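Peer 1: Quick one: the structure is below, questions incoming.
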Amino acid sequence: LPSMQTSGSKSCPCPSFKLREVASMYFTMIAVFLVILVVALQGSAPRGSDFPYKVPLDPRGLLELSWNVSYPEQAVHFQLLIRDLQFGLLFGMSDRGEFENADLAVLWSDGHNSYFGDAWSDAEGQLHMDSQQDYQLLGARRAPEGLYLLFRRAFSTCDPKDYLIEDGTVHLIYGILEKPVHSLQAINISAIHRGLQRVQLLKPNITIPELPSDMKTMEIVAPDVVIPSQETTYWCYMAELPDGFPKHHIIMYEPVITAGNEALVHHMEVFQCAAEFDSFPHYNGPCDSKMKPDRLNYCRHVLAAWAMGAQAFYYPEEAGLAFGGPGSSRYLRLEIHYHNPLVFKGRHDSSGIRLYYTATLRRYDAGIMELGLVYTPVMAIPPGEDAFILTGYCTDKCTQLALPAAGIRIFASQLHTHLAGRKVVTVLSRDGRERQVVNADGHYSPHFQEIRMLKEVVAVLPGDELITTCTYNTEDRSRATVGGFGILEEMCVNYVHYYPQTQLELCKSAVDPGYLHRYFNLVNRFNDEEVCTCPQVSIPQQFFSVPWNTFNRDVLKSLYGFAPISMHCNKSSAVRFPVRIASQP
């Protein structure tokens, strides 16, 4: 079995054991952990405050996971509520939500006794008891609402068959056993009801700022939506601030979820519309409907974003996000992603986001800056790639020109790609040396995007560089994937939230187009199939006609690694700071 602890993981002082000792430990642990679960029939459910983070695992809401994170212990404590226990369940983690090569805690019953153990699945999906029991059962308790199972897992276990819990997205998997099984090995994971849920397990341990006495709330909710009976729906609703609404600071926001729909509301965002339009039409319907007015596409400035499993979002006590007042649109667009895999019909929903705001402005306006790659087809990924890397730069020349002398402070980040994205990382470089990771997600999923508060504020000074690298998988594609706005095109973006706000809104790059033209000429010289480089043929069409042999792939990788870049160092007015082409750092 390949190691489930990813490369570059933290080293840990793993003890070495002789074969006899390992065998002895193995059978001892089997005896200890394959215990009959004594379920207390008395006592109340564990306190919710002990497990501040909560997410429904399955769309019916039968499995509800709560957890807390102990950084001193380097461990996660889980509480799993099973509302309708039959003959057991599987719970665990894997690289991208697959049930092969997974790290699992298994509860199963043979119809008479119940057992719990730490297990792993091989590349064929066969279950095996783990010789090192790292899911530690802490207790089980019955309550009127179901069975509570409490267990603990260290971030890193030094067990090559265990998943390394890291910052960023974790793909949780579950399976429900509907029939008794006489042994762990008898469980056929392909024949059980199963699914996955994505969460950020390692939440930052942040002190909640004191909130002002004059704080007010505003709920941006879509009124009485009948959730469509299809698996995926993006719903758009237009809201409007009161006429003459003065400038305020948003200092916090949280989700408002209609009771009973917790497993269907996948993520939500509130966007502010462009100020150059005096009015926007009212709309309450699917975002992809032909009836949706085109003008709604000009509502793209993110005010708030929430994804399943996220808690309330707090701004630092010295900053707030400005909305209202002169130069600010009164119009907001709420976008809700409903995930309805069981195709429930007739479910009514009035979910949305509650904004907490104050008229007592804080010291700094918070700003949002785009880092990464420009939305352009000159950055492309060949088909059939398992891990193709593209990098975007916010160069020292741009930060030198655009940032104040004291710099800025980044406190939150939202990573973004389209469907081929697998990893995203932004690092801060100073004086040519990498100094700090701003945000990284080694298990990134385009289906789980949220604004994440950083564990520590990142100071960016004039002359620093911010380098954003995205890794893509195009093994399921037969032609090149180019950069752009379409869902089958690609992006590589980190929206960083910072203070004090500056004029710099976009700090991104792309390869110099002249060097890409040379690439197409080189492809023509060394290949039988000619790529038309005529001016009237678009760059995407040129990429689509490239024969993707090893030579053409490797040359494109080299081009993106070493060719000069075109720098976009843009003010909010879309006017560029005077920085254009630069050599790669």
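The values are calculated or read from the model by the stated rules, or taken from the named source; none is laboratory data. Just so we're clear, the structure is a prediction, and the values are computed from it rather than from any experiment. Methodologically, a virtual Cβ is constructed for each residue, glycine included, from the backbone with ideal geometry; neighbour enumeration extends over all protein chains shown. Just so you know, the surface numbers come from the protein's heavy atoms only, side chains and all, with ligands and any DNA or RNA stripped out. Shrake-Rupley method; radii C 1.70, N 1.55, O 1.52, S 1.80 Å.
Peer 1: With respect to Pro180, determine if the residue is in contact (Cβ under 8 Å) with a residue 40 or more places away in the chain and more than 26 Å from Lys345 (Cβ to Cβ).
Peer 2: yes
Peer 1: Take the residues of segment 144-172 that are β-branched (Val, Ile, Thr) and within 24 Å of His447 (Cβ to Cβ): which is surrounded by the most Cβ atoms within 10 Å (Cβ to Cβ)?
Peer 2: Thr169
Peer 1: State all residues of segment 418-445 that are out of contact with any strand residue (DSSP E or B) (no Cβ under 7 Å at 6 or more places or on another chain), part of a strand (DSSP E or B) and touching a residue at least 24 places away in the same chain (Cβ under 8 Å); if no residue qualifies, say none. Even if it seems obvious, please write down each step before you answer.
Peer 2: Going residue by residue through segment 418-445, those that are out of contact with any strand residue (DSSP E or B) (no Cβ under 7 Å at 6 or more places or on another chain) are 419, 430-433.
Of the ones still in play, those that are also part of a strand (DSSP E or B) are 430, 433.
Of everything in segment 418-445, just one residue is out of contact with any strand residue (DSSP E or B) (no Cβ under 7 Å at 6 or more places or on another chain), part of a strand (DSSP E or B) and touching a residue at least 24 places away in the same chain (Cβ under 8 Å), namely Arg430.
Peer 1: Could you go through segment 82-103 and let me know if any residue there is aromatic (Phe, Trp, Tyr), out of contact with any Lys or Arg (no Cβ under 8 Å at 6 or more places or on another chain), under 21 Å from Ile187 (Cα atoms) and open to solvent by less than 40 Å² (accessible area, probe 1.4 Å).
Peer 2: Yes, segment 82-103 contains a residue that is aromatic (Phe, Trp, Tyr), out of contact with any Lys or Arg (no Cβ under 8 Å at 6 or more places or on another chain), under 21 Å from Ile187 (Cα atoms) and open to solvent by less than 40 Å² (accessible area, probe 1.4 Å).
Peer 1: Considering only segment 261-282, how many residues are touching a Lys or Arg at 6+ places or on another chain (Cβ under 8 Å) and open to solvent by 30 Å² or more (accessible area, probe 1.4 Å)?
Peer 2: The total comes to 2.
Peer 1: May I pose another question? Grab the strands (runs of 3 or more DSSP E) fully contained in segment 265-328, keeping just those with 1 or more residues being of a type outside the set (A, V, I, L, M, F, W, C) and more than 28 Å from Glu231 (Cβ to Cβ). Explain how you work it out, then say what you get.
Peer 2: Details: elements: 265-272, 284-286, 301-307, 319-323.
In segment 265-328, 265-272, 301-307, 319-323 are the strands (runs of 3 or more DSSP E) which contain 1 or more residues that are of a type outside the set (A, V, I, L, M, F, W, C) and more than 28 Å from Glu231 (Cβ to Cβ).
Peer 1: Return yes or no: is Phe526 open to solvent by 10 Å² or more (accessible area, probe 1.4 Å), modelled with pLDDT under 90 and over 22 Å from the mean Cα position of the chain (by Cα)?
Peer 2: yes
Peer 1: Which of the numbered conditions does Arg330 fail, given that it passes all the others? Conditions: (1) without any contact (Cβ under 8 Å) to a residue 40 or more places away in the chain; (2) in contact with an Asp or Glu (Cβ under 7 Å, 6 or more places away or on another chain).
Peer 2: (1)
Peer 1: Return only the number of the condition from (1) modelled with pLDDT of 95 or more; (2) open to solvent by less than 50 Å² (accessible area, probe 1.4 Å); (3) under 17 Å from Tyr495 (Cα atoms); (4) in a strand (DSSP E or B) that Arg409 does not satisfy.
Peer 2: Evaluating Arg409 over (1) modelled with pLDDT of 95 or more; (2) open to solvent by less than 50 Å² (accessible area, probe 1.4 Å); (3) under 17 Å from Tyr495 (Cα atoms); (4) in a strand (DSSP E or B) leaves (2) as the failure.
Peer 1: Something else now. Tell me yes or no: at least one residue of segment 201-213 is in contact with a strand residue (DSSP E or B) (Cβ under 7 Å, 6 or more places away or on another chain) and hydroxyl-bearing (Ser, Thr, Tyr).
Peer 2: For segment 201-213, residues in contact with a strand residue (DSSP E or B) (Cβ under 7 Å, 6 or more places away or on another chain) and hydroxyl-bearing (Ser, Thr, Tyr): absent.
Peer 1: Let me ask something else. What about Tyr375, is it at pLDDT below 95, under 30 Å from Tyr499 (Cα atoms) and open to solvent by 20 Å² or more (accessible area, probe 1.4 Å)?
Peer 2: Details: at pLDDT below 95: yes; under 30 Å from Tyr499 (Cα atoms): yes; open to solvent by 20 Å² or more (accessible area, probe 1.4 Å): yes.
Yes, satisfied.
Peer 1: Looking at segment 275-298, I want the residues that are in contact (Cβ under 8 Å) with a residue 60 or more places away in the chain and within 20 Å of Val221 (Cα to Cα) and have a partner that is of a type in the set (D, E, K, R) and open to solvent by less than 50 Å² (accessible area, probe 1.4 Å) with Cβ atoms under 8 Å, at least 6 apart or on another chain. Which pairs are those?
Peer 2: Leu296/Arg333
Peer 1: Just give me the residues in segment 500-511 being of a type in the set (S, T, N, Q) and either open to solvent by less than 10 Å² (accessible area, probe 1.4 Å) or over 16 Å from Ile410 (Cβ atoms) (or both), in sequence order.
Peer 2: Narrowing segment 500-511 to residues of a type in the set (S, T, N, Q): 501-503, 509.
Selection gives Gln503, Ser509.
Peer 1: While we're on this one: Answer yes if at least one residue in segment 384-391 is surrounded by fewer than 22 Cβ atoms within 10 Å (Cβ to Cβ) and within 10 Å of the chain's Cα centre (by Cα), and no otherwise.
Peer 2: Among the residues of segment 384-391, not one is surrounded by fewer than 22 Cβ atoms within 10 Å (Cβ to Cβ) and within 10 Å of the chain's Cα centre (by Cα), which makes the answer no.
Peer 1: Inside segment 53-147, counting only strands (runs of 3 or more DSSP E) that do not spill past its ends, which hold 1 or more residues that are among the hydroxyl-bearing types (Ser, Thr, Tyr)?
Peer 2: 53-56, 63-70, 88-94, 103-109, 114-121
Peer 1: Any idea which of Ile381, Ile368 is buried (at least 17 other Cβ atoms within 10 Å of the Cβ) and either modelled with pLDDT under 95 or on the phi > 0 side of the Ramachandran plot (or both)?
Peer 2: Exactly one residue qualifies, and that residue is Ile368.
Peer 1: Pick out the one residue from Arg141, Arg194, Arg198 that is over 30 Å from Gly324 (Cα atoms) and open to solvent by less than 60 Å² (accessible area, probe 1.4 Å).
Peer 2: Arg198
Peer 1: Report, by residue number, each residue of segment 71-81 that is open to solvent by 50 Å² or more (accessible area, probe 1.4 Å) and on the phi < 0 side of the Ramachandran plot.
Peer 2: If the condition is that a residue be open to solvent by 50 Å² or more (accessible area, probe 1.4 Å) and on the phi < 0 side of the Ramachandran plot, then Tyr71, Pro72, Glu73 are the ones that fit.
Peer 1: Right, another one. Checking the conditions here, which among Gly175, Gly117 is surrounded by 19 or more Cβ atoms within 10 Å (Cβ to Cβ), farther than 30 Å from Gln414 by Cα and touching a His at 6+ places or on another chain (Cβ under 8 Å)?
Peer 2: On inspection, the qualifying residue turns out to be Gly175.
Yes or no, residue by residue, for (1) closer than 30 Å to Glu276 by Cβ; (2) modelled with pLDDT under 70; (3) not in a strand (DSSP E or B):
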| position | (1), (2), (3) |
| --- | --- |
| Phe543 | no, no, yes |
| Trp548 | no, no, yes |
| Phe551 | no, no, yes |
| Ser558 | no, no, yes |
| Gly561 | no, no, yes |
| His568 | yes, no, no |
| Ser573 | yes, yes, yes |
| Pro578 | yes, no, yes |
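Peer 1: Quick test of your reading of the structure: Ala307 fulfils all but one of (1) open to solvent by less than 10 Å² (accessible area, probe 1.4 Å); (2) out of contact with any Lys or Arg (no Cβ under 9 Å at 6 or more places or on another chain); (3) within 28 Å of Gly392 (Cα to Cα). Name the failing condition by number.
Peer 2: Result: Ala307 passes all but (2).
Peer 1: Consider Glu456 against the criteria (1) farther than 23 Å from His568 by Cα; (2) of a type in the set (Asp, Glu); (3) modelled with pLDDT of 95 or more: it satisfies all of them except one. Which criterion is unmet?
Peer 2: Single failed check for Glu456: (3).
Peer 1: Here's another thing I want to ask about it. Of the conditions (1) under 24 Å from Tyr357 (Cα atoms); (2) assigned to a strand (DSSP E or B), Thr233 satisfies every one except a single condition; which number is it?
Peer 2: Here Thr233 clears every test but (1).
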